[in-house]
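Visitor: The structure is given below, and queries will be raised subsequently.
Only the coordinates and a few stated rules stand behind these numbers; no lab work does. Just so you know, these numbers come straight off a predicted model, no measurement behind them. Every residue, glycine among them, receives a Cβ derived from its backbone with ideal geometry; neighbour counts consider all protein chains shown.
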Amino acid sequence: MITFPKTTVCIIGGGPAGIMLGFLLARAGVEVTVLEKHQDFFRDFRGDTIHPSTLELMYELGILERLLQIRHSKIAKMSVQAGDCSAVMADLSHLPTHAKYVALMPQWDFLNFLASEATKLPTFTLRMGWEATGLTQHDGVITGVMANSPDGPATIPATLTVGCDGRHAISRMAAHLPVIEEGVPIDVLWLRLPRHDSDPENGLGYVNYGRLVVLINRIDYFQVAYLIAKGTFPQLQEAGLPAFQQSLARIVPFLSDRVAEIDSWDKVKLLTVQINHLSQWSSPGLLCIGDAAHAMSPVGGIGINIALQDAVATANMLSEALRSNSLTPHHLVQVQHYREKAVRRTQAFQIFAHRILNRILQNPEPFHAPLIFRFVVNIPGFKYLTARFIGMGLQPQHIAQHAETL
C-alpha cells in the first residue's frame, strides 16, 4: 500500500461537481486532489446541457469566452409538440445572464476544459485512473481515501474528503450514510440518430401515442431520449427492433428516414431513473454533494447544474476554514442546511412531472392536449417563469472572489 503525502481536500469523482469544486478550492489557495477512476472523460449518453446559471459562473470566472470556443449548439427556447398542439414551454431570452441560452456540449469537452483550467493552478492535482475503494478513519473521523492507482493500492490522507462520485457513490456507502429513495415510474432509453441541417429545432420533446421523445441537438446527430414505464425495457426488446423503429418514426415523423440505423439493441442504452437523497450529507471529515448526496431525474436536464451549484456553494462556504485549518463538522452540516431546501424542492417538481409523464405513458392512443394544458402554456409570463426555473434553478450561486480570476 502506497501512502501519499497528506492533501487538504481529496475529492472522489471527476465529474462536473468534482472538477468544479477542485478548481474553485485551488483557486482559493486550498491544496486539493481529485481522483477520477477512468483514464479519460469520454463517456457517451451523459448530460450535455450547460444551463445559463452555469454559463454565468463561467463568465464570473473569466473563462466563458474560452469555453464557448468549443463546438456547441444552443437552445434559447424550449418547445414541445404535444400531439396536435405545439407550445413554447420556456423562453430563456429574458434571463438576467450574459448567455441567455442552454449550451449543448459533450460533457467530456466541458470536463476537459474545466480540468485544463484547474491544472494551471499550483494547488490542484488531478489523478486519472484512480478508483476509490474505501475511506480511512480514526476515532470516528474520516481521514482520507483508499484507492486503486495505476501503480497499485494507495492511500491519500486528507483533512476533508468530498464524495462527488455519483449515485452509486463509494463515499456514502463506506461512511454508511443512509439513502432515502423516492419511487420513480419512468426510465429512459438513450440512443443517437443522424441529424440533418433541414431538421426542425426542438428544445424539449414530442409527446404522442403514450411516449415522450426528446431530441438533443449535438450538431452532427441527435442524442435521443425515449421515455418508457419503469421496468418495461425487456418487453420492448421482446417486441423487436422493427416495432421500436416504427414507434420512433410515428412519434417524430421526420426521423422515419433514419430510424433503421438503430439496427441493434446495443445502440440503445437504458438509464434507470432515480430520485433519492441522503438524510445526512456529511460525517466528520466527509461531505457528499451532487448525485452522491441527491440523485436527480433527467427531467429538465438540470442535474448537472444542481451539482455544480453544490460545488460552488461548498467552495464558498468552506474555503476559509480549509485555508486556516479550522474546519469543523459544523461547517459540513451548514452546507447541507444551505443547499438542501432548493434541492428537495427541485426534486419535488421532478416527482410531480413524473406523475404527469406516467399518465401519458399509460395511454397509447393519439395524444390530444387537454384544455388545461392549452390554457396554462398561454398564461402571460408562464414561459418566462419556467425559463427561470430551468435556466437558473431555485438557488443560483455566484463565485466568491477568493483570488484573481484567470
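Visitor: Evaluate the charge dipole of the stretch 89-227 about its Cα centre and quote only its size in Debye, nearest 20, assuming +1 on the Cβ of each Lys and Arg and -1 on the Cβ of each Asp and Glu. Walk me through the numbers on the way to the answer.
Guide: Numbers: 9 positive and 14 negative charges, 13 e Å.
Using Cβ point charges on Lys, Arg, Asp and Glu, the stretch 89-227 gives about 60 debye.
Visitor: Using per-residue counts of other Cβ atoms within 10 Å, averaged over each peptide, order 23-35, 87-99, 127-139 from highest down. Before the final figure, lay out each step's value.
Guide: Working: 23-35: 25.0, 87-99: 18.2, 127-139: 16.5.
My ranking of the peptides, most packed first, is 23-35, 87-99, 127-139.
Visitor: With an 8 Å Cα cut-off and a minimum separation of 6 or more residues, compute the relative contact order for the stretch 1-95 in percent.
Guide: Working: 70 pairs, mean separation 15.6, N = 95.
Value for the stretch 1-95: 16 percent.
Visitor: Shifting gears a bit: To the nearest 500 deg cm²/dmol, what mean residue ellipticity at 222 nm is calculated for the chain from DSSP H runs of n ≥ 4 alone, each contributing -39,500 (n - 2.57), summed and divided by the residues?
Guide: Numbers: 11 runs with 132 residues, N = 406.
Only helices count here, giving -10000 deg cm²/dmol.
Visitor: With an 8 Å Cα cut-off and a minimum separation of 6 or more residues, compute the relative contact order for the stretch 128-171 in percent.
Guide: Over the stretch 128-171, the number comes to 32 percent.
Visitor: Quote the relative contact order of the stretch 78-179 in percent (integer), defining contacts as alpha-carbon pairs under 8 Å separated by 6+ residues. The partial results should precede the final answer.
Guide: Details: 98 pairs, mean separation 13.5, N = 102.
So the answer I get is 13 percent.
Visitor: OK, next. On the principal axes of its Cα set, how long, how wide and how thick is the stretch 267-406? Give whole Å, largest value first.
Guide: 62, 33, 32
Visitor: Tell me the Kirkwood hydrodynamic radius of the stretch 134-277 in angstroms, computed as one over the mean inverse distance between distinct C-alpha pairs. Could the numbers behind the result be given before it?
Guide: On the way: mean 1/r = 0.0540 Å⁻¹.
So the Kirkwood estimate lands at 18.5 Å.
Visitor: Quick one: Kirkwood hydrodynamic radius for the stretch 1-104, alpha-carbon pairs, angstrom, one decimal? All intermediate terms of the calculation are to be shown ahead of the outcome.
Guide: Numbers: mean 1/r = 0.0602 Å⁻¹.
The Cα-based Kirkwood calculation yields 16.6 Å.
Visitor: Order of 257-264, 58-65, 293-300 by packing, highest average Cβ count within 10 Å first?
Guide: Values: 257-264: 14.1, 58-65: 17.0, 293-300: 24.5.
Top to bottom by mean Cβ count within 10 Å: 293-300, 58-65, 257-264.
Visitor: Could you state the angle between the C-alpha long axis of helix 107-118 and the longest principal axis of the C-alpha atoms of the chain, as a value from 0 to 90 degrees rounded to the nearest 10?
Guide: That helix lies at roughly 30 degrees to the long axis.
Visitor: Right, here's the next one. I want to check a number: in the chain, how many lysine pairs have alpha carbons closer than 27 Å, given a sequence separation of 8 or more or different chains?
Guide: Taking the chain as the scope, the lysine pair count is 16.
Visitor: Additional query: Looking only at the chain, where both bridge partners belong to it, what percent of the DSSP beta bridges are antiparallel (to the nearest 5)?
Guide: Values: 51 of 73 bridges.
Of the beta bridges lying entirely in the chain, close to 70 percent run antiparallel.
Visitor: So, one more: Compute the acute angle (0 to 90°) between the alpha-carbon long axis of helix 303-323 and the principal axis of greatest extent of the alpha-carbon atoms of the chain; round to the nearest 10°.
Guide: With rounding to tens, the tilt is 10 degrees.
Visitor: One quarter of the convex hull surface, Cα atoms only: what value does that give for the chain in nm²? Display every interim value, and only then the final one.
Guide: Numbers: hull surface 79.7 nm².
In nm², the orientation-averaged hull projection of the chain is 19.9.
Visitor: For the stretch 191-219 and the stretch 46-96, what is the separation of their Cα centres, given in Å?
Guide: Cα centroid to Cα centroid, the span is 16 Å.
Visitor: Report, to the nearest 10°, how far helix 241-251 tilts away from the longest principal axis of the Cα atoms in the chain, using its own Cα long axis and a range of 0 to 90°.
Guide: For helix 241-251, the angle is close to 80 degrees.
Visitor: Could you give the length gained by full extension between H398 and S198, i.e. 0.36 nm per residue of separation minus their alpha carbon distance, to one decimal place? Present the calculation step by step, with values, prior to reporting the outcome.
Guide: Values: separation 200, 0.36 × 200 = 72.00 nm, distance 3.86 nm.
Here the segment from H398 to S198 would lengthen by 68.1 nm.
Visitor: Students often check this: by mean Cβ neighbours within 10 Å, which of 104-114, 308-318 ranks highest, and how do the rest follow?
Guide: Top to bottom by mean Cβ count within 10 Å: 308-318, 104-114.
Visitor: Tell me, rounded to the nearest percent, the portion of alpha carbon pairs in the stretch 54-150 spaced more than 24 Å apart. Kindly include the intermediate steps, with their values, before the conclusion.
Guide: On the way: 2339 of 4656 pairs.
Here the long-distance tail beyond 24 Å is 50 percent of all Cα pairs in the stretch 54-150.
Visitor: At 0.36 nm per residue, minus the direct Cα-Cα distance, what do H330 and N363 gain on full extension? Give it in nm, one decimal, please. Can you show the working numbers first?
Guide: Numbers: separation 33, 0.36 × 33 = 11.88 nm, distance 4.97 nm.
That works out to 6.9 nm of additional length.
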